[in-house]
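The values are calculated or read from the model by the stated rules, or taken from the named source; none is laboratory data. Since the structure is predicted, the reported quantities are computational estimates derived from the model, not experimental observations. All Cβ positions, even for glycine, are placed from backbone atoms using ideal geometry, and neighbour counts span all protein chains on display. Just so you know, the surface numbers come from the protein's heavy atoms only, side chains and all, with ligands and any DNA or RNA stripped out. Shrake-Rupley method; radii C 1.70, N 1.55, O 1.52, S 1.80 Å.
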Amino acid sequence: MRDAPVPESRASPLPLAPGALGVGSLGPMLRDPVSFLVRSYQECGPVFRLQVLNRRFVVMAGVEANQWMTRHEREHLQNGPIFGGFGTELGGALFLASADGDEHRRLRTIQTPSYSAAHIEARVPEVVQGLRDRLGALQVGQRLDVQRLFQLILAEQVGLLLHNDGQIAHILDDLIRVFRTALSVEVVRQWPPALLLWPAYRRSKQRILAHASKVAQQHRDHPDAARGDLVDDILAAVARGDTIREENVRLLTLGPLFGGIDTASNTSAFALYNILARPEVRARVMAEVRQVFSAGPSPDWEAFKGMSALRGVMMETLRLFPVAYLASRHVAHGFDFAGHRIEAGQHLFVVTAVPHFLPELYPDPLRFDIDRYGPDRREHARPGAFAPFGTGAHTCLGARFAQSQMMVTLATLLHLLELEIDPPDYQLRVRSNPVTMPEGLAVRVRAVHRMPGQAEVPWPPFRVEPQRSLSARLGLG
Ligand code: HEM
């Protein structure tokens, strides 16, 4: 709505996705954007126009679009004009999602070691112990909002592993509120800018920025405690005068919490649903869980990584429930794609998840089939066929971290808790706001398996019971 008018493509025979007069494709894009964009691709081809209210986009989709993105993104596309406002709003114009070109390359290089899977894999026993403390304090009969449970435990892990500070619970609602509001106003532009003046939002913003300052200060005060985490890497780059300036430290520190909370929590919530709702999948995963924990209470990564049924669940969940299904970009330099000219100045969506739903790649694509990825089938292996973490220059930096984190967390949770979906006849509802999430998914605790003599660890200040208020349902906190 605040976009400058964009030039029409010179090759105007680009087909237009189905829509209604005046509002364009607003209805289906709100109801079920992924299915709508897959259908539009099947009807219109690999490149088409999309109108939502008075905003116009060019959409690229399909395996070739993903392959193009992998090879050519840097030459033609920019993130700054799309994501820059998010950074400015949070007091640090420089962060990965909004950086382009050489600056982006340098920023990624500085942060790559601390986002790597090795970081979590080396500390798996500590992560398992954290889960024992947190989940062991739940009570039989308690009803849990699955998305919120994962938000808490995954954010605490990110805090512990990347900030050396797992005390996140007291600002978690603030983080979620700020992330969703700033994203919806500044990036997706579906909410009015006046929301950034909302007092509750401003208070939350102050609290999370204060938390980031505190974490950075702890690292400065105790250089001897350096564990090679993200904050160490950021501060070392500031000290060297390498790309990062002092004013960017807070936003870069918050980066993995913004990038990781909604994505990994929602994916884990969908995965837990897929295990609990499918008896044959559940039986195979539980056999692996028993095997992993039969050797002792604190397995290491070697034990988890061989869980092929759980890995299949994760892959199928990432394929069928892609929480970040498109890349939103500014076309900086025009190019040709699939016989069409895409002019500079356009707002482009590359819908990276469309191939996940194509029968020519995944036979019977809507069927949840955890054996698609074994050595005999490898349906995801064709370049561009599987892109839940995006593709190209901005491919998720936390992808391997997230996969290891979700496997360890789900396996340990299934070992410690006996759960059932509540109510048992719950039908999965998927909502995009703008990240995709399972709506109203709750479980009831049937049993908690604590270690003999395990100490009670107090539950932190973050509610995991389902919430009913309208503001909560709107994701406003
Ligand atoms: C299931 C979990 C996750 C999914 C599906 C996911 C998905 C994505 C996608 C699709 C992108 C690319 C966005 C674009 O091209 O515009 C991305 C970027 C990113 N993700 Fe993730 N993500 C997940 C978990 C995480 C976690 C746990 C972290 C941090 C610990 C993380 C950190 C990042 C960062 C820093 C970027 C920006 C990379 C860049 O711009 O160069 N993500 N993620």
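Details
- The listed residue being open to solvent by 60 Å² or more (accessible area, probe 1.4 Å), in contact with a helix residue (DSSP H, G or I) (Cβ under 9 Å, 6 or more places away or on another chain), farther than 15 Å from I168 by Cα and away from the ligand (no atom under 16 Å from the Cβ), out of R240, R220, R207: R220
- Check on Q157, touching a helix residue (DSSP H, G or I) at 6+ places or on another chain (Cβ under 8 Å) and either within 16 Å of P256 (Cα to Cα) or open to solvent by 10 Å² or more (accessible area, probe 1.4 Å) (or both): yes
- Taken as a whole, the condition of being surrounded by fewer than 16 Cβ atoms within 10 Å (Cβ to Cβ), in a helix (DSSP H, G or I) and at pLDDT 95 or above does not apply to R148.
- F337 vs. criteria among the aromatic types (F, W, Y) and under 18 Å from Y273 (Cα atoms): no
- Flag for P375 being free of Cβ contacts under 8 Å to residues at least 12 places away in the same chain, more than 16 Å from the ligand (Cβ to nearest atom) and in contact with a Pro (Cβ under 7 Å, 6 or more places away or on another chain): no
- Only one of the listed residues (G136, G101, G141, G91) is on the phi > 0 side of the Ramachandran plot and touching a strand residue (DSSP E or B) at 6+ places or on another chain (Cβ under 8 Å). That residue is G141.
- Within the span defined as region 94-114, every residue fails to be in contact with a Pro (Cβ under 8 Å, 6 or more places away or on another chain) and touching a residue at least 60 places away in the same chain (Cβ under 8 Å).
- Where M407 falls short, out of the listed (1) within 13 Å of the ligand (Cβ to nearest atom); (2) open to solvent by 20 Å² or more (accessible area, probe 1.4 Å): (2)
- When restricted to residues that are under 17 Å from the mean Cα position of the chain (by Cα) and more than 9 Å from the ligand (Cβ to nearest atom), region 314-337 contains 5.
- Test: residue in region 304-320 that is open to solvent by 20 Å² or more (accessible area, probe 1.4 Å), touching a residue at least 12 places away in the same chain (Cβ under 8 Å) and of a type in the set (F, W, Y): no
- Filtered residue count, region 252-292, keeping only those that are within 11 Å of the ligand (Cβ to nearest atom), open to solvent by 30 Å² or more (accessible area, probe 1.4 Å) and aromatic (F, W, Y): 0
- Filtering region 207-248 to residues that are part of a helix (DSSP H, G or I) and of a type in the set (S, T, N, Q) leaves S213, Q217, Q218, N248.
- Screening H356 with (1) more than 11 Å from the ligand (Cβ to nearest atom); (2) surrounded by fewer than 22 Cβ atoms within 10 Å (Cβ to Cβ) gives one miss only, at (2).
- In region 431-453, the residues that are open to solvent by less than 70 Å² (accessible area, probe 1.4 Å) and part of a strand (DSSP E or B): R431, S432, T436, M437, P438, E439, A442, V443, R444, V445, A447, V448
- Region 392-404: number of residues that are among the hydroxyl-bearing types (S, T, Y) and either over 12 Å from the mean Cα position of the chain (by Cα) or more than 8 Å from the ligand (Cβ to nearest atom) (or both): 1
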